[in-house]
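Take a look at the structure below.
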Amino acid sequence: MLKPLIPQNEKERLAALREYNILEADAGKEFDDITLLASEICQTPISLITLIDEQRQLFKAGANLPASEIPRDLAFCSHAINHPLEPYVIEDMRADERFSDHPFVQGDPHVVFYTGIPLTNPEGFPLGTLCVLDKKPKKLTQSQIHSLKILAKQVVQLFELRRANFRLKALKETLEARNEELQQFAYVVSHDIKSPLASIVLTAEMLRENFGETIDEGNDQLLKVLNRASFKIKHLVDGILAYYRAEKALSDGAETFQLNPFLLSIAEMLRVNQEAEIIYPSDLARIHMNKTALEQILVNLLQNALKYNDSEHPRVEISFAQDETYYYFTIADNGRGIAYHEQEKIFELFTTLGLRDRFGSQGTGIGLSTVKKLVEKLSGKINLNSVPGEGSTFSFSIKKEN
């Protein structure tokens, strides 16, 4: 019996084989279908998809599988992979001195005929074979050989798809881990900034109180600048923390609650503009969804509708509807409105329009980005319809949970 040679690039070949993560995995029905088709085309009782690792030949699919694996030195396919670009054909092993005394020829399963098409990947490494075997001598036609080659290419393409999926999965896991680390870093840094920032604000206020009327105008202005800058940083830090808390809010489960009392509690919590008229839905609805996430969405939208409303008689109307699949919310105000060419970018993180609210402060560009993120994570969409000088209407949907 002729012992198979080891390919010169064996180390690289084995490394390539492991990248497919298929040695110990279930190959799947599509591979069995290919071997059945190979048997039908070549009219052989046995057809196999095999892989060759360091010590074994593994049978990954086949018609009439003889076993799950055999030693590599006994595998006919171990010879075939040394010819990665051409079929390996033995029409009658009994008459071939290389295999005439082979135990699988002399004994069970009494193989006489063998043809293996190497499964050569795009990098040129033979991973195994698509092979057909018979217990009697056989000569395949050129058409049958050609068909086997086509089927072998299909096997390799399936392998490539599997490798690509594993690479994408690994990349996704890496990106998710890095994103988690980045979020944690941003959260920790933002949280740690709050304490010294509060000290700066408090110190500035104490200086003004200590000096009282004796402070000169120049230093008073400097303290005011320090105070404004501190509060601006505070709003930014609070926004960053809220943005990353939004991700955690999504992990909360759904709960059932009355909508109108929930909306009233949010308006009471904001207390941004006591003169504003807020109109609530007339429908006394009970809804079932992530309450924490909805609260963050509505807080941001209502706060903006009230803070940036420059109307003499501020008015905000909250509407609600539902169907079998979605909840629909609308927040409409009679404020200053937003120009059409600026409506898309307001949802971008850290993007602002440079406008000041009723208290003279600028936004951070985090709130609406947080809203969009939450709505989309809840399988919904958000839209804006706005006319400068007439007001804005934010409409969003949220998919119902089972």
Sequence-distant aspartates and glutamates (8 or more away, or on other chains) whose Cα lies within less than 20 Å of Lys139:
Glu40, Glu86, Glu91, Asp92, Asp96, Glu97
Near the amide H of Asp53, under 5 Å away, which other amide H atoms are found, from residues 5 or more places off or on another chain, if H is placed in the peptide plane?
Leu58
Need the list of lysines near Lys3 for cross-linking: C-alpha distance under 21 angstrom, and skip anything on the same chain fewer than eight residues off.
Lys11
Quick one: order Val111, Val299, Val155 by neighbouring beta-carbon count within 10 Å, fewest to most.
Val299, Val111, Val155
Which one, Phe99, Ile22, Pro109, is farthest towards the positive end of the dipole of segment 10-170 when Lys and Arg carry +1 and Asp and Glu -1 on their Cβ?
Ile22
Take the alpha carbon gyration tensor of segment 1-127, find the square roots of its eigenvalues, order them as a ≥ b ≥ c, and report rounded if a/c is under 1.5; if not, report prolate when a/b exceeds b/c, else oblate.
oblate
Below 16 Å, Cα to Cα, which aspartates and glutamates can Lys381 reach? Residues fewer than 8 away in the same chain don't count.
Asp323, Glu344, Glu348, Glu401
Residues in segment 126-149, backbone N under 11 Å from the label point at Ala95 (7 Å along the Cα-to-beta-carbon vector): list them, ranges by number please.
137-139
Inter-label distance for Arg18 and Leu2, nm, one decimal - labels placed 7 Å from Cα along Cα-to-Cβ
3.1
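Every read-out reported here was derived from the displayed coordinates using simple, explicitly stated rules and does not represent laboratory data. All figures in this text were calculated on a predicted structure; none of them were measured in a lab. Neighbour counts run over all protein chains shown; Cβ positions are idealised from the backbone, glycine included.
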